[in-house]
1. Being surrounded by fewer than 17 Cβ atoms within 10 Å (Cβ to Cβ), of a type in the set (A, V, I, L, M, F, W, C) and at pLDDT 90 or above: is that true of L102 here?
2. Taking G71 as meeting all but one of (1) in a strand (DSSP E or B); (2) more than 22 Å from A28 (Cα to Cα); (3) of a type in the set (G, A, S), write down the number of the exception.
3. If R63 satisfies every condition in (1) surrounded by 17 or more Cβ atoms within 10 Å (Cβ to Cβ); (2) within 27 Å of G150 (Cβ to Cβ) but one, which is the exception?
4. State whether the residues of region 130-139 include one that is farther than 19 Å from R52 by Cα, hydrophobic (A, V, I, L, M, F, W, C) and either at pLDDT 90 or above or surrounded by 12 or more Cβ atoms within 10 Å (Cβ to Cβ) (or both).
5. Examine region 96-105 for a residue that is out of contact with any strand residue (DSSP E or B) (no Cβ under 8 Å at 6 or more places or on another chain) and within 17 Å of P32 (Cβ to Cβ), and state whether such a residue exists.
6. When region 18-38 is examined, which residues are found to be modelled with pLDDT under 85 and in contact with an Asp or Glu (Cβ under 6 Å, 6 or more places away or on another chain)?
7. If only one of A93, A103, A77 is assigned to a loop (DSSP other than H, G, I, E, B), free of Cβ contacts under 8 Å to residues at least 40 places away in the same chain and of a type in the set (A, V, I, L, M), which one is it?
8. Looking at (1) among the aliphatic types (A, V, I, L, M); (2) at pLDDT 90 or above; (3) closer than 24 Å to P32 by Cβ, which is the only condition V113 fails?
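The values are calculated or read from the model by the stated rules, or taken from the named source; none is laboratory data. As the structure is a computational prediction, the values presented were derived from the model and not from experiment. Note that we place each Cβ from the backbone using ideal geometry, even for glycine, and neighbour counts take in every protein chain shown.
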Amino acid sequence: MSRRFLLLVLLQAVLLLGIVGKYYWIAATGQPITLKTAPIDPRDLFYGDYVRLEFDISRLDLRTIPHDLNGPLHDTAVYVVLEQKGKPWHEAAGVYQNKPQLAPGQTMLSGRVPYYSGDSWDELRIVYGFERYYVPENTGREIEQNAAAGWLADLRVAGSGEAVLRRLYR
């Protein structure tokens, strides 16, 4: 085998390990936070049972929280500042296009705004990338049926705002 071929194979292996390793690193060293959820839709034919989660911080009322958003947004990266305000879970304290300075006790999540026209500044939808959580087989329906009881999600958050969902519980 030539050296070029071996170098190419090694480079691909390092790249794949780096992608997977990043999420293991966040899970092991990230700041722990808890979010309130509302699970829905429990089954994927190929991957098994899962719950599709929507968080309280997935829809933000821009009339009630600070923000620096202006104009139409399409697939735009945003940072959501979170604080724990006397409840077991974290709540949104602001949403920004530019990376904000955090006060003590705050953390941030990075997300994306799929589309926002900017015509009415009332509700902004944000996708974080950890809205799908796989559960043991034949438990997805039970979780969906008990959604009204409220669920909490434990996450680990890196300084960049990327997060890994660790567990779902009541």
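1. So L102 fits the description; yes.
2. (1)
3. Among (1) surrounded by 17 or more Cβ atoms within 10 Å (Cβ to Cβ); (2) within 27 Å of G150 (Cβ to Cβ), the lone unmet condition for R63 is (1).
4. At the first step, the residues of region 130-139 found to be farther than 19 Å from R52 by Cα are none.
Looking through region 130-139, none of the residues is farther than 19 Å from R52 by Cα, hydrophobic (A, V, I, L, M, F, W, C) and either at pLDDT 90 or above or surrounded by 12 or more Cβ atoms within 10 Å (Cβ to Cβ) (or both).
5. Checking region 96-105: at least one residue is out of contact with any strand residue (DSSP E or B) (no Cβ under 8 Å at 6 or more places or on another chain) and within 17 Å of P32 (Cβ to Cβ).
6. Hits for region 18-38 are K36, A38.
7. A103 is the lone residue from the list that is assigned to a loop (DSSP other than H, G, I, E, B), free of Cβ contacts under 8 Å to residues at least 40 places away in the same chain and of a type in the set (A, V, I, L, M).
8. (3)
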